[in-house]
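For reference, the structure is listed below as structure tokens.
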Amino acid sequence: MMSSPRARLIGRKTSGALVAALALGCGEGTSPPAPANVTVSPDIVIIDSIGGTVQFIADVRDARSAAISGASVTWSVSNPVVATIDANTGLATAITLGGTTVTARVAAVSDEATLEVFVPSATVFVAGETYFGRRQYIEYLAGDLPVIVSAPHGGNLEPAEISARTSGVTTRDLNTQELARAFASALFDRTGRRAHIIINRLHRNRLDANREIVEAAQGDVFGEWAWAEYHGFIEAAKQSVDEQYGSGLYIDLHGHGHDIQRLELGYLLAASDLELPDNLLDDPDLVNRSSIRALAAAVGFVELVRGATSLGGLLAQEGFPTVPSPAQPDPGGAPYFTGGYSTARHGSRDGGSISGVQIEANLIGVRDSASARAAFADALAGTLEAFMAMHFQVNLALHPSTAIFRR
Ligand SMILES: [Zn+2]
């Protein structure tokens, strides 16, 4: 299910190497240097399969920090039930789930590393069931509709094991996790069926799931693991939608702090693109740069971006001002989010059958209270019912007639 490599390497240094002061004998200038410091790498590692292996390496230095090659290193683990290690080579093998300390000892000095064995529990997902990644940082509500919603910035978990991110944006999108859940239940109330929902429960100061991995996790092994799980769940959802329906819609749900209280829909089109008149916006180059490239092959591009039946047009009709839409075809010079990493990766710009949009929700009347979230969630669910029927020829409701009575 996941594309995570067998072992994830390289993290922050947590265990300092020990330094031993050894008394050197005098008069023998050619005696071999005494090891004064040893550093084990990787410092933290996760093995994701039973029987999987990882090679530890010891860097041995003398008192002047010169490397000592060929030093005799002895390897051991604190919990051989979890993993074993070859005492001479440092090759560790996963035995069962859990954690252990790995120690490298050279003469009187030693260093430790952390080894965890973690195997994702589920590889098959059932609609209506909830799946968690490691330590429940990432949550996947499996669905059966061709609609996928991710919430990357609404988490609030700040585990000590993950280093705080030191660059990039670290503020959360308030109440967007709650908004995603409200949307899921509103759509279920209307249709009796479920969207796929992927939630990053980590605070953005631990993981920015809407960035490539380097900026997202900034080298933290556990952050990188959560990042891979988050995108792995989205990929699993996309695969399911593609197999069931042949096409679908991906929504990356955010909250913006811009002054103008309106929804901002990002299709990877710049504000300057949206300022173009319709005849110039309808350009194959822009279509191919957009996250709705696949859908635009079947539906007129300008109509999809800002026509009456666009997401923006339908949401505006529900009483939620939106850019782009017929009334607000471009941002008008105001700040505007065009769509980020996830919209590019999981939409259809680079191919595939799933078109994408980044929805940036304003705060007031949309996500500032439970009642506002419920109202917007219902409007978004209704909008998607109409949008999917018109542009994907899919009726989201399992039993349309009873859905009417439900209302
Ligand atoms: Zn955001």
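In region 152-162, the residue that is nearest to the ligand (Cβ to nearest atom) out of those that are out of contact with any Phe, Trp or Tyr (no Cβ under 9 Å at 6 or more places or on another chain) and open to solvent by 40 Å² or more (accessible area, probe 1.4 Å) is Asn156.
Selection of region 245-269 for residues being on the phi < 0 side of the Ramachandran plot, surrounded by fewer than 16 Cβ atoms within 10 Å (Cβ to Cβ) and more than 16 Å from the ligand (Cβ to nearest atom) yields Asp259, Ile260, Gln261.
Note on region 159-189: among residues that are basic (Lys, Arg) and within 28 Å of Ala142 (Cα to Cα), the one that is nearest to the chain's Cα centre (by Cα) is Arg172. Restricting region 172-210 to residues that are open to solvent by 30 Å² or more (accessible area, probe 1.4 Å) and assigned to a helix (DSSP H, G or I), the residue that is nearest to the ligand (Cβ to nearest atom) is Glu178.
Identify the residue in region 211-234 that is within 16 Å of the ligand (Cβ to nearest atom) and open to solvent by less than 10 Å² (accessible area, probe 1.4 Å) and, among all such residues, is farthest from Asn156 (Cα to Cα).
Per the stated criteria, the residue is Ile234.
Of all the numbered requirements in (1) assigned to a loop (DSSP other than H, G, I, E, B); (2) of a type in the set (S, T, N, Q); (3) assigned by TED's automatic domain parsing to the domain that holds Ala71, Thr100 misses one, and that requirement is (1).
The values are calculated or read from the model by the stated rules, or taken from the named source; none is laboratory data. Every value quoted in this text rests on a predicted model; they were computed, and no experiment measured them. All Cβ positions, even for glycine, are placed from backbone atoms using ideal geometry, and neighbour counts span all protein chains on display. Surface areas here come from the heavy atoms of the whole protein model, side chains and all, with no ligands, DNA or RNA. Shrake-Rupley method; radii C 1.70, N 1.55, O 1.52, S 1.80 Å.
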